[in-house]
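The values are calculated or read from the model by the stated rules, or taken from the named source; none is laboratory data. Remember, it's a predicted structure, so these values are computed and weren't measured experimentally. Using ideal geometry, Cβ is built from the backbone for each residue, glycine included, and neighbour counts are taken over all protein chains shown.
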Number of protein chains: 2
Amino acid sequence: MRCHQFLLGLLCALAAITAFPSLAHADEGMWLYNDLPRKVLAEKYGFEVDQQWADHLMQSSVRFNSGGSGSFVSSQGLVLTNHHVASDTLFKLSTPERNIMEDGFLARALDEELKAPDLELNQLVKITNVTARVNEAISAGMSAEEAAKARRGRIAEIEKSALDESGLRSDVVTLYGGAQYHLYQYKKYTDVRLVWAPETKSAFFGGDADNFEYPRFNLDATLVRVYEDGKPAKIEHFLRWSDADVSSGDLVFVSGHPGRTQRIFTVAALKFLRDDRLPYVLDLLRRKEILMQQYGLEGEEQKRQAKDELFGIQNSRKAYTGMIAGLQDPATIAKKATAEDSLLAKLQADPKLRPLAAAWDEVARLQDQQRKALREVNTFRSSLYGFAETIHLLGVEDGKPNNERLREFGDAGRESLLQELLSEAPIYAGLERVKLADELARFIEVRGGDDPLVAQVMQGKGPADRAADLIAQSQLHEVAFRKGLVEGGGEKIAASSDPLLVLARIMEPGYRESRAKGEQTSEQLRQAYAKITEATVAVQGTGNYPDATFTLRLAFGVVQGYREEGKEIPPTTNFAGAYQHAEEHGSSGDYQLPDSWLKAKEGKVDLDAALNFVCTADIIGGNSGSPVVNRSGELVGLIFDGNIQSLTSDYLYSDVQGRAVSVSGGAIRESLRSIYDAPTLAAELGN
Amino acid sequence: MRCHQFLLGLLCALAAITAFPSLAHADEGMWLYNDLPRKVLAEKYGFEVDQQWADHLMQSSVRFNSGGSGSFVSSQGLVLTNHHVASDTLFKLSTPERNIMEDGFLARALDEELKAPDLELNQLVKITNVTARVNEAISAGMSAEEAAKARRGRIAEIEKSALDESGLRSDVVTLYGGAQYHLYQYKKYTDVRLVWAPETKSAFFGGDADNFEYPRFNLDATLVRVYEDGKPAKIEHFLRWSDADVSSGDLVFVSGHPGRTQRIFTVAALKFLRDDRLPYVLDLLRRKEILMQQYGLEGEEQKRQAKDELFGIQNSRKAYTGMIAGLQDPATIAKKATAEDSLLAKLQADPKLRPLAAAWDEVARLQDQQRKALREVNTFRSSLYGFAETIHLLGVEDGKPNNERLREFGDAGRESLLQELLSEAPIYAGLERVKLADELARFIEVRGGDDPLVAQVMQGKGPADRAADLIAQSQLHEVAFRKGLVEGGGEKIAASSDPLLVLARIMEPGYRESRAKGEQTSEQLRQAYAKITEATVAVQGTGNYPDATFTLRLAFGVVQGYREEGKEIPPTTNFAGAYQHAEEHGSSGDYQLPDSWLKAKEGKVDLDAALNFVCTADIIGGNSGSPVVNRSGELVGLIFDGNIQSLTSDYLYSDVQGRAVSVSGGAIRESLRSIYDAPTLAAELGN
């Protein structure tokens, strides 16, 4: 599946490069809504982009801040997304007695809908180009560091004043490696309620084995509803439902929030990924996967507690395994190197452009710097420690002017930050203990057992004992305690003797140092990639799309099968195929369909109806839950995955075999009618 | 479980340190049969060692060359060991149609017994101290390298002439870090047949979750029979069965083959384990664990194929997790450091001994050297590549005189080597492909994708494609092909174009270089530890046991419970407890008892009979399958595990909570009678 939740943290710790890719081919591209690929659509598909069509699609699209996409699908606030995008919420709403995550959920009336503890949805309503305003803050004589600081300050100002004026969530997004800055303004929905989710057995049918494979037979869909003032929100822009299933050759559009691509990356950057970062990340993922598996072996309840995180880890591990496999195939780097060599040759041939070539060397140099920082541990992945760290830093940062704070503590982001900090989502002490113990063990491994900071952190104990003490003695699992600290402000936070806050204080200098170094490297990389973008535009001209930034983009493509190991893979599957797939795998383990499906098999569900399909649209993690629409803007599908051949699309798009995988829109309506006995809900879809 | 099969290769690649531990405490010690702890047994337990008693126990003990222990238990060649020690054979005898590994096996007559494809059992018949003969080869002026070479040559001579004279397998064993060399001579049994094995559900009841835990309820036992000239071998020395279950406080003895301990290790060596080697090994184990899990997800048959290896990996991962946790507890190193500091202070105070203190610095320096070599990859873990490498090296080494060859290619070991090379055990192409692909990926990660050797190995392909080609095009899966090469000798082997042999040729220089460096480091460490041993003896006197060397040792201890988290853990469990344990865990997954047990529950099996018990004897990996006997030398148990608190015993013995875990001897007889309907076999036990 396309959503690398587990790694969001990891990726953010890396340089968040967002820059200008080289030439787009075929159906490549994640296009900005304020710079759509009108020409290519007209020429290749005879499709003229109508502004109303585009505005409607834009405002029907929804961003899930937990890391995914969705769309409005009724005037009554209904939002469609993937089961695996909603899984964080499904998990938090589950209890030992009522396992919504595994067993699914259906609200038969509004008052049965369940409020998500900390979900925020965003609807993009306006994009403004603020490049000039940002650049005005920079003057000629500034050093790189001064420029970065001035830029950060100006961005914070723009965001703050936009928020104050409009009341909308206002984020300045860096595009084309800093060649452009756009202000994205969102209407926020923070009262989000669960309406329907199928069983995991249906949503994730085939489990880890089928993940990223095709053909597929998954109903990876969930419906939530946004509320305002305690009532379903009135929605003007929502998607209508197509009455027809897709067919091979159909032109389709995907409107969603691709998280991050790195198509601008140089050969040196790809080699760093291949030889350093991905091997490191995979070791870490496998470590956490085994840890969560082991915790789950302790009992059924522990298994339930670990499931959501385990799923996210497995998903990432499989995605990154595919990604490194792509990079380890010499043909991949060779293709990139050929393009790069040709571009560099052209630069060298032009005395005016020649100085820009130094940017490639600069990237290589910075990669060495990142290599050294790769294994540093300056924080611990545990929910409770996360609270401690955030609250502690909040106390310190709030003592500074808005534009000098660490970005997430700025005024503009306060509401979202508080929603996270004061979430009522359950905290499992056993799970926290196991996770923190492993993080402490990893901290010792990385710094060595004799390190003075290790001694200060461990207090003479081994990881298991120290973690047990910290979790047992901290009060941070109580929302009221967290609330008291946050409301008490800096002094109260600094005076707290909660052992996890004390630990966050001990870790603070190292955390800040490493973060500052990382941000400096990011800034230097940003500048190098800005030059690379400049060089690329100078040689190849403009008219391209920027790398993904978890902001709304439009992709397009056709419904199309492909060849694999000599076999033709058709673009669509149907309900009959799901039953057959289960039987072929002994209907056991992850290949067991839920009872609801077994009951509906004979005479109820339309076995010939399309269930999943593939298309050539250019997607990436974060696009999970994106609506797929036809030329008329009607919903025909719901993105939930990319096939294994698409996993290199982080750095290289290819439509030879790479495909986006969707649930058919018709299948969602059909399953609500014939499997989940929810005709009223089915009728609300698109109305 | 106590047998770290997966890591045997890894451990051998490391410095095989076998030296002299510091003072023995409590029931500590893995004693040599030619230097038994007579004094301590007499003083502490009033037990006088009778030479006949000891000789009988020694000759009743059996070594499994696949990595474990066992004992003769009838005059007709019956050998008792653990299910998990026999699992390599159970796995090789299993087919998609007949899953002996999972479902168990019972031969009701001799002609139903199944011949193991490549199992070799050894019975120790004679120990000779050859220290003087080895040392004679060394003269004063020799460099460290010359001395090592001379020593290796002399050892090969001694082994060869002992083999020629006696026809017995003859191995010279380095003890006390090179202070002593003993010649161990074994009668070999290579016709070994499976007689009885229980279901995995009974042998490994509780699975990975219960592994290394206590209380336990496992029937981890298997019976094989050795044959000579096609008939059951006549056995003079075999163990009688005790009619009584053990009781708390009983003195017991364990006679088995502990694989390796490192109690001589200095603080620097332990820190290297803590901060470098164990983190590295654990990353590798987790990687292989996920790989095997993923392969198993492809289908039931793949799951069966991967099971044996997966089990070994999980077992090692859990053991090493416990080991690193012990080392990360500052108290562990502190304890060792206190003893070391006190010893060093005494050395410094004595001008004659003072120079020996330099050995500790030398170990620290060599640890740095090992740190650098840690991540090198010069071979690939796959059965087929293993054949290729061994056959290729055999071809080269056979052109040299016996005493100049790599050790495993010496004349003395030829029969065992051929048994491995020409094994009829099945090779699974799919599994080999996946394993080799991952090894190639790891090779790229370690050396970097641009390395010239990587380019030579990969031939322009990615790991999956390259591995698929190699496995598809090699003929090494055919025994006849391997036989033809081995019999054809050096020239034929060198001329072969089998792609895996070609690959082994490409890898040879790096392999030899790394092995030579490793052996040099080992030799230097050996010399340093010999000095540390000398210093220890000078300060503390003699009368101790050498570190484990996978040779026969006698341990002793008492049947005794312990306290854990404030609770008293009684030393024995019974059959009733097994049924209760299953129910408490929902009788599902690894907590499902097999049908045979469920049928026997009411009125058949003696629910009060002891099933497992713990004692304080000092054991380690390799002791799995060791007989436990009482004062009369009668069998009362079968070692199969150590509890989690004993996992630090690699480097530090403790009997506060650390315990060896056994199947009760009575439980084996009882289950054969009442659960497995095998009264004839039950009657043969001990007769």
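Let's see how each residue does on (1) at pLDDT below 95; (2) in a helix (DSSP H, G or I); (3) β-branched (V, I, T); (4) out of contact with any helix residue (DSSP H, G or I) (no Cβ under 8 Å at 6 or more places or on another chain):
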{"site": "B:K318", "(1), (2), (3), (4)": "yes, yes, no, no"}
{"site": "B:I333", "(1), (2), (3), (4)": "yes, yes, yes, no"}
{"site": "B:A339", "(1), (2), (3), (4)": "yes, yes, no, yes"}
{"site": "B:R365", "(1), (2), (3), (4)": "no, yes, no, yes"}
{"site": "B:Q370", "(1), (2), (3), (4)": "yes, yes, no, no"}
{"site": "B:Y385", "(1), (2), (3), (4)": "no, yes, no, no"}
{"site": "B:A388", "(1), (2), (3), (4)": "no, yes, no, no"}
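Restricting attention to region A:225-254, report how many residues are of a type outside the set (A, V, I, L, M) and farther than 19 Å from A:S60 by Cβ.
Residues meeting the conditions: 8.
For region A:563-650, list the strands (runs of 3 or more DSSP E) that sit wholly inside it and hold at least 2 residues that are surrounded by fewer than 24 Cβ atoms within 10 Å (Cβ to Cβ); which are they?
Fully inside region A:563-650 and qualifying: A:567-569, A:572-574.
What pairs come up if the first residue lies in region A:462-475 and is more than 11 Å from chain B (Cβ to nearest Cβ), the second is of a type in the set (F, W, Y), and their beta carbons are under 6 Å apart, counting only those six or more places apart or on different chains?
A:Q475/A:F481
Report, ordered by the first and then the second residue, all pairs with beta carbons closer than 7 Å, sequence separation of six or more or different chains, a first member in region A:503-518 that is touching a residue at least 24 places away in the same chain (Cβ under 8 Å), and a second member that is in a helix (DSSP H, G or I) and of a type in the set (S, T, N, Q).
Hits for this filter: A:I506/A:Q456.
Find the residue count for region A:250-303, including only residues that are under 21 Å from the mean Cα position of the chain (by Cα), in a loop (DSSP other than H, G, I, E, B) and either within 10 Å of chain B (Cβ to nearest Cβ) or β-branched (V, I, T) (or both).
2
Give the residues of region B:651-667 that are crowded, with 24+ Cβ neighbours inside 10 Å and either in contact with a Pro (Cβ under 6 Å, 6 or more places away or on another chain) or β-branched (V, I, T) (or both), sorted by residue number.
B:V661, B:V663 - these are the residues of region B:651-667 that are crowded, with 24+ Cβ neighbours inside 10 Å and either in contact with a Pro (Cβ under 6 Å, 6 or more places away or on another chain) or β-branched (V, I, T) (or both).
Select from region B:491-502 the residues that are without any contact (Cβ under 8 Å) to a residue 60 or more places away in the chain and not in a helix (DSSP H, G or I) and write down the one among them that is nearest to the other protein chains (Cβ to nearest Cβ).
B:S497
From the list A:R98, A:R38, which one is free of Cβ contacts under 8 Å to residues at least 12 places away in the same chain and within 22 Å of A:E424 (Cβ to Cβ)?
Of the residues listed, the single one that is free of Cβ contacts under 8 Å to residues at least 12 places away in the same chain and within 22 Å of A:E424 (Cβ to Cβ) is A:R98.
As an exercise: evaluate B:A538 against (1) part of a helix (DSSP H, G or I); (2) surrounded by 18 or more Cβ atoms within 10 Å (Cβ to Cβ) and give the number of the one condition it does not meet.
Against the list (1) part of a helix (DSSP H, G or I); (2) surrounded by 18 or more Cβ atoms within 10 Å (Cβ to Cβ), B:A538 comes up short only on (2).
Can you tell me how many residues within region A:359-368 are over 26 Å from the mean Cα position of the chain (by Cα) and in contact (Cβ under 8 Å) with a residue 40 or more places away in the chain?
4
Which condition breaks for B:K160 when tested against (1) in a helix (DSSP H, G or I); (2) touching an Asp or Glu at 6+ places or on another chain (Cβ under 8 Å); (3) modelled with pLDDT of 95 or more?
(3)
Under 6 Å by Cβ, and 6 or more places apart or on different chains, what pairs join a residue from region B:580-601 that is more than 14 Å from every other protein chain (Cβ to nearest Cβ) and without any contact (Cβ under 8 Å) to a residue 24 or more places away in the chain with one that is assigned to a helix (DSSP H, G or I) and not basic (K, R)?
These pairs meet every condition: B:K601/B:Y579.
I want to confirm something. Restricting to region B:476-490 and keeping residues that are in a helix (DSSP H, G or I) and in contact (Cβ under 8 Å) with a residue 60 or more places away in the chain, which single residue is farthest from B:E424 (Cα to Cα)?
Checked region B:476-490; the qualifying residue farthest from B:E424 (Cα to Cα) is B:G490.
Taking the criterion of being at pLDDT below 95 and under 27 Å from the mean Cα position of the chain (by Cα), would at least one residue in region A:563-585 satisfy it?
No: region A:563-585 contains no residue that is at pLDDT below 95 and under 27 Å from the mean Cα position of the chain (by Cα).
Using beta carbons and a limit of 6 Å, which pairs, at least six apart or on different chains, have the first residue in region A:324-351 and within 14 Å of chain B (Cβ to nearest Cβ) and the second one surrounded by 19 or more Cβ atoms within 10 Å (Cβ to Cβ) and of a type in the set (S, T, Y)?
A:G326/A:T332; A:G326/A:T648
When you go through A:Q180, A:Q123 one by one, which is the residue that is more than 30 Å from A:E424 (Cα to Cα), touching a residue at least 24 places away in the same chain (Cβ under 8 Å) and more than 14 Å from chain B (Cβ to nearest Cβ)?
So the residue among A:Q180, A:Q123 that is more than 30 Å from A:E424 (Cα to Cα), touching a residue at least 24 places away in the same chain (Cβ under 8 Å) and more than 14 Å from chain B (Cβ to nearest Cβ) is A:Q180.
When B:I324 is evaluated against the numbered criteria (1) closer than 14 Å to B:T648 by Cα; (2) crowded, with 21+ Cβ neighbours inside 10 Å; (3) more than 23 Å from the chain's Cα centre (by Cα), which criterion, by number, is the only one it fails?
It fails just one condition, (3).
Which helices (runs of 4 or more DSSP H) does region A:406-471 wholly contain that include 1 or more residues that are buried (at least 16 other Cβ atoms within 10 Å of the Cβ) and within 24 Å of the chain's Cα centre (by Cα)?
Counting at least 1 such residues, we get A:414-421, A:429-447.
Kindly indicate whether any position in region B:398-413 is touching a Ser or Thr at 6+ places or on another chain (Cβ under 9 Å) and over 16 Å from B:R512 (Cα atoms).
So far as region B:398-413 goes, yes, one or more of its residues are touching a Ser or Thr at 6+ places or on another chain (Cβ under 9 Å) and over 16 Å from B:R512 (Cα atoms).
Just to verify a result, which residue in region B:541-553, among those that are crowded, with 17+ Cβ neighbours inside 10 Å and either at positive phi or acidic (D, E) (or both), is modelled with the highest pLDDT?
Among those residues, the one meeting the criterion is B:F550.
Search region B:106-149 for residues being part of a helix (DSSP H, G or I) and of a type in the set (V, I, T), and hand back the single one that is surrounded by the most Cβ atoms within 10 Å (Cβ to Cβ).
B:V134
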